[in-house]
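Worksheet for the structure shown next.
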Amino acid sequence: MSKPTVLLIGDLTHANTEWKAYGSKYNLKEFRKGTREQFLSKCKAGEYNDVVALYRSNTSTSETGPFNEELVSLLPSSLKFICHNGAGYDNIEVDACTKRGIKVSSTPLAVDNATADVGIFLLLGALRQVWTPLKAIKEGRWKGNAQLGHDPRGKLLGILGMGGIGRAMADRARAFGMTIAYHNRSRLPAELEGDATYLSFDELLARSDVLSLNLSLNANTRHIISAKEFAKMKDGVVIVNTARGALINEKDLVAALDSGKVSSVGLDVFEDEPKIEQGLLTNDRAFIVPHIGTMTWETQKEMELLVLRNLESAVETGTLLTPIPEQKDKLNGHL
């Protein structure tokens, strides 16, 4: 009986040994470097016609481009699983995969702690408006024109998207004396909700002292925060975003920051990365970092290993360990 074939797209940093070990039971194919045109050409030529599952990542988009409808339509009919390295998967056109019966996994859990750590870092930095003194001391001006900041204690942290990262943010924020409210499409069970208060979307906007965005980007959530939503918020609200930049209309965010409606922001993600709105670069009340949420050795390794575990589970059992939510009700069958 022939061995199943799996495909690696892009590079590995921490799990090359584990990937190579799969060679004892799978045929391993690789597309570590190349261009979209080269990848599509290989698909058209039938080089991957025996592949049943593949590993890809957000960074491998630089090799193949996004997994949009064009690319998905050229994937081999043998392919049943896309095992994706990344908590976000907005560079995969999920509807196109679902129509072809291709199941997709991502890497929740593995990213929760590192992303939440950066979220709290940004929250504290925004509350204390640390950008001004940080820049000043580097320039030999000591504190410069530093202003008084705010304590987290007693503030209401509103979490938009109370998944694993949102709950990890809540756990950390409680240690700083913050109270927690959240909004999801549906309320969490009591054991996950804890002492957090479930609010409607508009109530969350109106009551939050700090609003943290921790939800996935898709067609329904793109620009979920724009001028209309800023108008519903408290004057002087603080915004934190470690999810995806396009959840916020960045031009509207700059306008709200300039007007004082938003007192400060802590951002790890941007709408058109690596391009950033000039108004965020020049405003000292914007505490920004360049998408470093999961940039730790431990987290990157665990993400790679989780993708490989998904790959193995897919081939061996026909199921994924961490399927994306959009497909849970649509593709429940086995391979």
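The values are calculated or read from the model by the stated rules, or taken from the named source; none is laboratory data. As the structure is a computational prediction, the values presented were derived from the model and not from experiment. As a convention, Cβ positions derive from the backbone with ideal geometry for all residues, glycine included, and neighbour counts pool all protein chains shown. Keep in mind that these areas ignore ligands, DNA and RNA; they rest on the heavy atoms of the full protein, side chains included. Shrake-Rupley method; radii C 1.70, N 1.55, O 1.52, S 1.80 Å.
As a ratio to 2.2 N^0.38 Å, the alpha-carbon radius of gyration computed for the range 69-162 takes the value 1.76. Could you point to the label whose value was computed as Rg and Dmax of the Cα atoms in Å for the structure here, given [x] 19.7, 61; [y] 21.6, 72; [z] 24.5, 81? Calculated Rg and Dmax of the Cα atoms in Å: the matching label is [y]. A DSSP coil position with no more than 16 other Cβ atoms inside 10 Å describes the following chymotrypsin sites (Phe, Trp or Tyr not before Pro) in the range 80-170: W142.
Ligands, DNA and RNA are left out, and with a 1.4 angstrom probe the accessible area of the chain is 47 Å² per residue. Of all DSSP bridge pairs formed entirely within the range 111-288, close to 5 percent run antiparallel. Can you tell me the orientation of helix 112-127 relative to the chain, as the angle in degrees between its alpha-carbon axis and the longest Cα principal axis, to the nearest 10? Between helix and principal axis, roughly 20 degrees. Helix 297-317 and the long axis of the chain differ in direction by around 40°, with both axes built from C-alpha atoms. Label sites at D235 and A206, each approximated as a point 7 angstrom past Cα along Cα to Cβ, lie 1.8 nm apart.
The apolar share of the surface of the chain, taken as the fraction of accessible area on carbon and sulfur atoms (1.4 Å probe, ligands and nucleic acids excluded), comes to 52 percent.
Summing Cβ point charges (Lys, Arg +1; Asp, Glu -1) relative to the Cα centre of the chain gives a dipole of roughly 140 debye. Computed per residue of the chain from DSSP H runs no shorter than four, each worth -39500 (n - 2.57), the mean residue ellipticity at 222 nm is -10000 deg cm²/dmol.
Compared with the direct C-alpha span, the chain from L134 to R222 gains 28.5 nm at full extension, assuming 0.36 nm per residue. Residues whose amide H falls under 5 Å from that of V262, counting only those 5 or more places apart or on a different chain, are G236, L257, with hydrogens built in the peptide plane.
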